[in-house]
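Let me begin by presenting the structure, written as structure tokens, before commenting on it.
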Amino acid sequence: MVVYTFNPKKLPVITRELIDFIVDKRGRVRVSLDMGITFDYVYVEGGAVRIGGAEFLLSDLMKLRRDYVYALVGGKLLPVSFFRGRYFYKLYPVSAYEAPTLEISGIKMHRVVDMTPWQDSSEKVSVLGDLRGKRVLDICTGLGYTAIHALRRGAEVVSIEVDPNVLEIAEYNPWSRDLVNIDIIIGDAFEVVQDFDEAEFEAIVHDPPRFSLAGHLYSLDFYRSLYRILTRDGRLFHYTGKVGYLRRGIDIMKGVAYRLRSVGFKVRILRDLRGVLAYKN
């Protein structure tokens, strides 16, 4: 197994919403430069602001785009984004002081309309029950929010991510910094889980890409592997997302539930959480 060494950058990050807040202020202004985790002060004078030891004209900062997070790198504010291969990766802010989401080629990886990405991930983990002292597998790390929620609930967490580019973006995200305390395995989850022992995990969170991009992570063979590595009475929460309701006349969520039952799980469809909760007998 290839284990990823997570290296959080711990740089000041800002959004256009933060600039809107300080543009009319003067003197010492209390703000957060890590998207709401901690608070400090910046100094606004003469149409300029000092951030992390660098000075910027407010007129220039007002040109920043609202759909990007910017990190202070070498005295310059640079968007946390890049093209790699066919895909465009970026941190997408939902608020100046909330956890951002990951966007890949225009597709957001969390719910952002009716709840924050942090709340979205918390709900996915909460259905697994008491995790204190338990070993939890998080499939598809992303920004690491579900893994971090499980960690904070007292679990020992292992996470799997197929795309190192995603983790590179996460290293700039203040809300992802606790990933340093989590073992992250790089690889296709379908293959990685074959190397785990039988009944190695007491809970699993499975939050795969949409079916059209990773159909093998919705397959009977993959679900059999998850059943094998889960302890008796262990829980699996399988997120399907909004498309799980209906896609081209096919209810994906019902299909997931059917296949999970076929390999031995007891299941409950949780429409409000956009996923399926499964129990190993």
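The values are calculated or read from the model by the stated rules, or taken from the named source; none is laboratory data. Note that the structure is a prediction, hence the values are computed from the model and not measured. Methodologically, a virtual Cβ is constructed for each residue, glycine included, from the backbone with ideal geometry; neighbour enumeration extends over all protein chains shown.
Quickly run through region 124-158 and pick out the residues that are in a loop (DSSP other than H, G, I, E, B), surrounded by 23 or more Cβ atoms within 10 Å (Cβ to Cβ) and under 17 Å from the mean Cα position of the chain (by Cα).
Of the residues in region 124-158, the ones in a loop (DSSP other than H, G, I, E, B) are 127-134, 140-144, 153-155.
When the remaining residues are screened for being surrounded by 23 or more Cβ atoms within 10 Å (Cβ to Cβ), the result is 128, 141-144, 155.
Answer for region 124-158, where residues must be in a loop (DSSP other than H, G, I, E, B), surrounded by 23 or more Cβ atoms within 10 Å (Cβ to Cβ) and under 17 Å from the mean Cα position of the chain (by Cα): 141, 142, 143, 144.
Please work out if residue 65 is at pLDDT below 95 and among the charged types (D, E, K, R). Walk me through how you get there before you give the answer.
Numbers: at pLDDT below 95: no; among the charged types (D, E, K, R): yes.
Spelling it out, it is not the case that residue 65 is at pLDDT below 95 and among the charged types (D, E, K, R).
If you go through region 180-218 and keep only what is among the charged types (D, E, K, R) and assigned to a loop (DSSP other than H, G, I, E, B), you end up with 188, 197, 198, 200, 207, 210. Tell me, which residue of region 65-117 that is part of a loop (DSSP other than H, G, I, E, B), in contact (Cβ under 8 Å) with a residue 24 or more places away in the chain and of a type in the set (Gly, Ala, Ser) is nearest to residue 37 (Cα to Cα)? Ranking the qualifying residues of region 65-117, first place goes to 99. Which residues, taken from region 22-61, are touching a residue at least 24 places away in the same chain (Cβ under 8 Å), within 20 Å of residue 118 (Cβ to Cβ) and either surrounded by fewer than 18 Cβ atoms within 10 Å (Cβ to Cβ) or in the same structural domain as residue 172 (by TED's automatic domain parsing) (or both)? The answer is 32, 36, 37. Consider residue 210 carefully, then state whether it is assigned by TED's automatic domain parsing to the domain that holds residue 145, basic (Lys, Arg) and more than 20 Å from residue 120 (Cβ to Cβ). Judged against the criteria, residue 210 is not a match.
A residue that is of a type in the set (D, E, K, R), in contact with a Cys (Cβ under 6 Å, 6 or more places away or on another chain) and either within 22 Å of residue 160 (Cα to Cα) or in a helix (DSSP H, G or I) (or both) occurs nowhere in region 232-239.
Check 271, 210 and return the single one that is surrounded by 14 or more Cβ atoms within 10 Å (Cβ to Cβ) and not aromatic (Phe, Trp, Tyr). Give the derivation first.
Numbers: 271 fails: surrounded by 14 or more Cβ atoms within 10 Å (Cβ to Cβ).
Checking each option against the conditions leaves just 210.
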